[in-house]
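Here's the structure we're looking at; comments come further down.
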Amino acid sequence: MTSPLDGFERLTIKIGSALLVDSTTGALRKQWLGSLAGDLASLKQRGREIVVVSSGAVALGRQILNLKRGPLPLDRAQAAASVGQVALAQAWREAFSVHNITIGQILLTPNITEERRSFINARATMSTLLALDAVPVINENDSVATSEIRYGDNDRLSARVASMLGADCLVLLSDVDGLYTGVPGPGSSARHLPRVKSITPRIEAMAGGSTSETARGGMITKIEAAKIATQAGTAMIIAKGTGDNPLGALEGGARHTFFVARQSPAAARKRWILGTLEVAGTIHVDAGAAKALLNGKSLLPIGVTKVSGEFSRGDAVSVKGPDNEEIARGLAGMNHEDANLAKGKKGAIITEMFGHMNRTELVHADNLVLVSASEER
Ligand code: GLU
């Protein structure tokens, strides 16, 4: 039998609070988490890169702090998130350590995911964790995010994370097994939809409110997530995750809704960098650097002959070869002043000049698109 996860290489898995935390006792569902970690370890062993977006901080924290049921005022919810996040990270660490898998915690806010300068930092850290064979475990930084600058739900956050990382599939594990044409339940004629090719107004209208107590994300935020993900080239799956080994069950044919990606992640990135960003500067490179770029490498200062224009880290820059033809565009990893200082110099010298906290690529390969290349990487 083919699994809906077949063919995907970088998976982002979002786990809702209702799965991690028992709704009656408020305690962590340890055995279930252990079974999920087993599923993830098995996928990882089969060569998949895994990124986890985990809710549950507020739900765990309120139990630890003995806060009463029902909606919490913002200050208490933030205090609960602060306490609960420690327990949550600890739980993930324990669950994965059984499989000798290391985790790295990343807490995000919309100003990190939406602002290019911080976006490229956060993405570089997550990519490095993956390269080091660790699993990033991500949540919203609920204890500091103010109401104006928070996602508030991890459905949309996970879709942004998946799109930032060029993940080809996002799985939302939830307490529902997918999208229905109406409100499902006894006596209802609502039909389950196994596959959604595009998110039309009719599809949006099918999303009702949340039925779960602990999770904020109902079907509306899941459809919002599907829009973000599929547009960015990430396929999305909504599956029921309440039982043990939920990903094993999904791979074995459990009911779910699959949202088809509108393009590949590489094509989406190309469209974004080439189509929507204004170029703030130009970097001229020698023949060696031009060749390295065509081979998918990062742009290093050693091959740079001239830097023109004024740009900040995260701005779009054009890269031109020795014959002055544009070969690539990308997001600058340094501002124009540093780029001018670094040009023509080796990595070790740049590290000495700028200190170890700085990255030495002028444009990282993840932030670069070739102007003439086909859509796929
Ligand atoms: N970030 C919240 C938490 O960890 C959960 C948000 C959600 O349920 O989507 O408690």
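The values are calculated or read from the model by the stated rules, or taken from the named source; none is laboratory data. No experiment lies behind these values; they were computed from the predicted model shown. Reconstructed Cβ throughout: ideal geometry from the backbone, glycine too, with neighbour counts over all protein chains shown. Each accessible area value is taken on the protein alone, full model and side chains, heavy atoms only, with ligands, DNA and RNA left out. Shrake-Rupley method; radii C 1.70, N 1.55, O 1.52, S 1.80 Å.
Overview of values
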| item | result |
| --- | --- |
| Entries in 270/346; 270/297; 270/320; 44/270; 30/222; 44/240 that, when Cα-Cα distance is taken, lie over 23 Å | 270/346; 44/270; 30/222 |
| Gyration tensor (alpha-carbon) shape descriptor, the chain, a/c threshold 1.5 | prolate |
| R0 of 51 Å, Cβ-Cβ distance residue 287-residue 24: FRET efficiency to nearest 0.05 | 0.15 |
| Residues listed by number, the stretch 57-83, amide nitrogen under 15 Å from residue 146 label point at 7 Å toward C-beta | 74-75 |
| Theoretical FRET efficiency, 1/(1+(r/R0)^6), r = Cβ-Cβ of residue 87 and residue 31, R0 25 Å, to 0.05 | 0.95 |
| Shape call, the stretch 1-154: gyration tensor on alpha carbons, a/c limit 1.5 | oblate |
| The chain, accessible area per residue, ligands and nucleic acids excluded (1.4 Å, Å²) | 46 |
| Modelled label reach - residue 190, point 7 Å along Cα→Cβ, the stretch 12-33 residues with backbone N closer than 15 Å | none |
| Cα-based shape type of the stretch 51-129, given that a ≥ b ≥ c are square roots of the gyration tensor eigenvalues and the cut on a/c is 1.5 | oblate |
| Ranked packing of 8-15, 185-192, most packed first, by mean Cβ within 10 Å | 8-15, 185-192 |
| Spacing of the two label points (7 Å from each Cα toward its C-beta) at residue 69 and residue 260, in nm | 4.4 |
| Cα centroid separation - the stretch 247-321 against the stretch 10-47, whole Å | 32 |
| Simple spin-label estimate for residue 353 and residue 115 in nanometres, 7 Å along Cα-Cβ | 2.6 |
| Heavy atoms of residue 6 accessible to a 1.4 Å probe, total area in Å² rounded to 10 | 80 |
| Per-pair calculated FRET efficiency, R0 = 45 Å: residue 198 and residue 323 via Cβ, rounded to 0.05 | 0.60 |
| Relative packing of peptides 197-204, 284-291 - highest average C-beta neighbours within 10 Å first | 284-291, 197-204 |
| Residue-averaged 222 nm ellipticity for the chain, from DSSP H runs of 4+ at -39500 (n - 2.57), nearest 500 | -10500 deg cm²/dmol |
